[in-house]
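This report concerns only the one structure given below.
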Amino acid sequence: MAYHGGPNPAYQAHDDKSSRRKRLSMTGLILGGVLLALAVVILLLLAGLFVLGGGGDSERFAPVVRGFVTTSITVGALGLVSLVFGIITRK
């Protein structure tokens, strides 16, 4: 007997609550990992700028350092929150 359209009884929708939860968890884990990596890259960029600038006077470089460190800490904290959210929703 041929199939003539309509709902397929053998098909189960993957849009249930468990599937959404897994996607949300995976998104949180990936976003957390990316944000933590970005926080490290920001700190490495700061070190690279200091070295490429020839070292020099670290007191004059301090305001730049504060801005980079503040940004890195903020991005890292958001990454940790996202990572923890992904881990909690995974269970």
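Here are a few things to note about the model shown:
- Meets criteria (more than 30 Å from R20 (Cα to Cα) and either of a type in the set (A, V, I, L, M, F, W, C) or open to solvent by 80 Å² or more (accessible area, probe 1.4 Å) (or both)) for F68: yes
- Qualifying position, being modelled with pLDDT of 85 or more and of a type in the set (K, R), among R21, R66, R60: R66
- Pairing each residue of region 17-36 that is without any contact (Cβ under 8 Å) to a residue 60 or more places away in the chain with any residue that is among the hydroxyl-bearing types (S, T, Y) and assigned to a helix (DSSP H, G or I), provided the two are 6+ apart or on different chains, yields C-beta distances under 8 Å for L31/S82; G32/S82; L35/S82.
- Unique match (being modelled with pLDDT of 85 or more and either touching a Pro at 6+ places or on another chain (Cβ under 6 Å) or open to solvent by less than 80 Å² (accessible area, probe 1.4 Å) (or both)) among I73, I42: I42
The values are calculated or read from the model by the stated rules, or taken from the named source; none is laboratory data. In this text, all values refer to a predicted model and were calculated from it rather than measured experimentally. Cβ atoms come from the backbone with ideal geometry, glycine included; neighbour counts cover every protein chain shown. These accessible areas exclude ligands, DNA and RNA; they are computed on the full protein's heavy atoms, side chains included. Shrake-Rupley method; radii C 1.70, N 1.55, O 1.52, S 1.80 Å.
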